[in-house]
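Student: Structure incoming, see below.
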Amino acid sequence: MNVVLLLISLMFLSHTAQAGEATKLSAVKFALNWKAEPEFGGFYAAKLAGSFEKRGLNVEIVEGGAGTPVVQMVANSKVPFGIAAADEVVLSQVRGTDVVALFAVYQTNPQGIMVHPERGFKSIGDVFAAPGTLAIQSGAPYTLFLQAKFANAKVKLVPYAGGIAQFLTDANYSQQCFVTAEPLLAKKKNKPAASFLIADAGFNPYGTVVVARRQYIDKNPKQVRDLIEAIHNGWSDYLRAPESANAWMVKLNPAMDSETVKESAEVQKPFIRPANLTDKELGKMSKERWATLVDQLFALKLIKKKPAVDKLYENF
Amino acid sequence: MTLKTRLASWLPPLLPLILSLGAAEFAVRMAWVPSYLIPAPSEVLQSLLDDRSELTMAAWATLSSALAGLLLSFVTGTFFAITLSSSDLARRAFYPYAVFFQTVPIISIAPLLVIWFGFGQPTVIASAAIVSVFPIIASTLLGLKSTEPSLLDLFTLYTASRRQTLWMLKIPFALPQIFSGLRIASGLAVVGAIVGEFIGGGGLGSVVDAARTQQRIDRVFAAVLISSLLGVVLVGAVNFISALSLGSWHSSERKS
């Protein structure tokens, strides 16, 4: 009799232990390459709406800084999920990693060149053909693309150290930017800027891409699927109603004022969801776009061999 | 020197190098360490060969900026040290500010240097000078303050002027310290130049910046290797001058 009781209580114990296990959220880190801002709005919206927790995930969004090597951190399993640009994924795989793109926030890459409107430029070609200074990340794929396309440039290329301080003080200074961010900051400082998309010049890799290791995805398929679903819903919400996520991000990153955040969230909408894209297709990537990117990087001699396009990304 | 003694002098520094490079190569070849974390020495060598013209030009640019910065910090640092050594009041008033140069986090003020001096070499030279000036001030000051008292008494006895005492006694006696300050400063000048180039553009700093962007860690290592070679060259040059000027009389340079 006692033995039966003991067995029953043991079963009960093990049962409750299992239940406890199931409700415990699995903690995952998600590394950004910059501070909280509308570029990451959908991720914060997902967190705010409890979308991750609903799927049993406790996602910690880790802010980054200038030069945080997120792709390398993911490749080295320091964090399971992170943010990268599509071209970084290709370079990383060619260097021997198994980092894969899972969700692309920007269908049109918002990377651009911002200039003083008084100089009367009509395109990036004009910027390169005129004297003056252009601050741009040296060695970056988009830089090499522009240098190759606009050879015999008169403009002097200088390193880009971030921010817009130099732009505000120098009338002959142009710089790289996210057209959804820095031009708005400049306007706020009473220096309206004109900007041109590098995508319009012909180089348009997916921007702000969620990445993880192939090894990790294969080991945790459900977790990855859940995370991407939550992110998708987060962005869908954020495009519809960004207010609460914006308010939270201003608190996290006081360098941004709420007015600029609001404006930026509005300006970036067509980059995330172009007119022809349905809500369901948010974040999805196409084989043609990845193949084009690989061809361009190869032509720029940034990669010596072409990786298999199918292995670069996966749509969930 | 016979072959044997030559070997005996080269082998001790070469052996650790060969062993560590061999170990690194082996670890990468065996896939114990992925090559995107630490490149195999053979990859670095390949990168050195592939990009030799670009790296050579970059190395020249960095070397000339580092030299200019070192010269600037030598002139200003020595002048500053002589001024400070001449009066206790001056030393108490200004020495604490010299320490500022020792502690300044160059990477955080480099963006300001660009705003002050513009893009290009002036910024790079300023950066090299700022990080290399303190060891020159500190060592020169120490040297000027540690003249043998009996010799000072002798100069006083012969009613030598302050200038004579400075040039004929204090400075010659401070030379070993001045050179040891220069040795430290010359390595720092290369570091300062490369940090300046991150922001100001040009040289090995630019190469490192671009290679990092492209996840070309082999090129990063190749550029770092060359920059440390530049440091070795500069320190070697200082050693050479030091041996020339001290060899005939000072115990620190006399052959034992």
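Student: Looking only at the stretch B:30-47, how many residues end up being of a type in the set (A, V, I, L, M), within 12 Å of chain A (Cβ to nearest Cβ) and under 20 Å from residue B:226 (Cα atoms)?
Tutor: 3
Student: Considering only residues of the stretch A:143-196 that are hydroxyl-bearing (Ser, Thr, Tyr) and surrounded by 18 or more Cβ atoms within 10 Å (Cβ to Cβ), which is nearest to residue A:67 (Cα to Cα)? Walk me through how you get there before you give the answer.
Tutor: Step one: filter the stretch A:143-196 for residues hydroxyl-bearing (Ser, Thr, Tyr), giving A:143, A:160, A:169, A:173-174, A:180, A:195.
From what's left, surrounded by 18 or more Cβ atoms within 10 Å (Cβ to Cβ): A:143, A:160, A:173-174, A:180, A:195.
Values: A:143: 17, A:160: 12, A:173: 23, A:174: 21, A:180: 20, A:195: 24 Å.
Out of the qualifying residues, it is A:160.
Student: Under 8 Å by Cβ, and 6 or more places apart or on different chains, what pairs join a residue from the stretch A:156-174 that is facing another protein chain (nearest Cβ under 10 Å) with one that is surrounded by fewer than 18 Cβ atoms within 10 Å (Cβ to Cβ) and among the aliphatic types (A, V, I, L, M)?
Tutor: Taking only residues 6 or more apart or on different chains, the pairs are A:162/A:66; A:165/B:115; A:166/B:115; A:169/B:115.
Student: Scan the stretch A:199-209 residue by residue and report those that are among the hydrophobic types (A, V, I, L, M, F, W, C) and surrounded by fewer than 23 Cβ atoms within 10 Å (Cβ to Cβ).
Tutor: Of everything in the stretch A:199-209, those that are among the hydrophobic types (A, V, I, L, M, F, W, C) and surrounded by fewer than 23 Cβ atoms within 10 Å (Cβ to Cβ) turn out to be A:199, A:201.
Student: Next question. Whether any residue in the stretch B:152-171 is closer than 30 Å to residue B:63 by Cβ and part of a helix (DSSP H, G or I) is what I want to check.
Tutor: Yes; the residues of the stretch B:152-171 include at least one that is closer than 30 Å to residue B:63 by Cβ and part of a helix (DSSP H, G or I).
Student: I need the full set of residues from the stretch B:220-233 which are under 17 Å from residue B:60 (Cα atoms) and not β-branched (Val, Ile, Thr), in order please.
Tutor: Answer for the stretch B:220-233, where residues must be under 17 Å from residue B:60 (Cα atoms) and not β-branched (Val, Ile, Thr): B:222, B:223, B:225, B:227, B:228, B:229, B:230, B:231.
Student: Out of the stretch B:100-123, which residues are crowded, with 17+ Cβ neighbours inside 10 Å, within 14 Å of chain A (Cβ to nearest Cβ) and in contact with a Phe, Trp or Tyr (Cβ under 9 Å, 6 or more places away or on another chain)?
Tutor: B:110, B:122, B:123 - these are the residues of the stretch B:100-123 that are crowded, with 17+ Cβ neighbours inside 10 Å, within 14 Å of chain A (Cβ to nearest Cβ) and in contact with a Phe, Trp or Tyr (Cβ under 9 Å, 6 or more places away or on another chain).
Student: Let me ask something additional. Report, by residue number, each residue of the stretch A:119-145 that is away from chain B (no Cβ under 14 Å) and not aromatic (Phe, Trp, Tyr). Before you say what the answer is, go through the steps one by one.
Tutor: As a first pass, look at the stretch A:119-145 and keep what is away from chain B (no Cβ under 14 Å): A:119-130.
Matches in the stretch A:119-145: A:119, A:120, A:122, A:123, A:124, A:125, A:126, A:127, A:129, A:130.
Student: Of everything in the stretch A:184-202 that's touching a Pro at 6+ places or on another chain (Cβ under 8 Å) and of a type outside the set (A, V, I, L, M, F, W, C), which residue is farthest from residue A:259 (Cα to Cα)?
Tutor: Only one residue tops the list, namely A:195.
Student: Please go through the stretch B:10-29 and give me each residue that is under 16 Å from residue B:225 (Cα atoms) and either within 14 Å of chain A (Cβ to nearest Cβ) or small (Gly, Ala, Ser) (or both), ordered by number.
Tutor: Result: B:20, B:24.
Student: Looking at the structure I just gave you, is residue A:300 in contact with a helix residue (DSSP H, G or I) (Cβ under 8 Å, 6 or more places away or on another chain), more than 19 Å from residue A:40 (Cα to Cα) and not assigned by TED's automatic domain parsing to the domain that holds residue A:185? Let's see the steps before the verdict.
Tutor: Details: in contact with a helix residue (DSSP H, G or I) (Cβ under 8 Å, 6 or more places away or on another chain): yes; more than 19 Å from residue A:40 (Cα to Cα): yes; not assigned by TED's automatic domain parsing to the domain that holds residue A:185: yes.
Considered against the rule, which asks whether it is in contact with a helix residue (DSSP H, G or I) (Cβ under 8 Å, 6 or more places away or on another chain), more than 19 Å from residue A:40 (Cα to Cα) and not assigned by TED's automatic domain parsing to the domain that holds residue A:185, residue A:300 comes out as yes.
Student: Within the stretch A:146-155, can you find the residues that are without any contact (Cβ under 8 Å) to a residue 12 or more places away in the chain and within 13 Å of chain B (Cβ to nearest Cβ)?
Tutor: Within the stretch A:146-155, just A:147 meets the criteria.
Student: Another question, if that's okay. Give just the number: which of (1) within 14 Å of chain B (Cβ to nearest Cβ); (2) under 23 Å from residue A:285 (Cα atoms); (3) assigned to a loop (DSSP other than H, G, I, E, B) does residue A:92 not satisfy?
Tutor: (3)
The values are calculated or read from the model by the stated rules, or taken from the named source; none is laboratory data. Only a predicted model underlies this, so the values are computations on that prediction, with no experimental measurement involved. We place every Cβ from the backbone using ideal geometry, glycine too, and count neighbours over all the protein chains shown.
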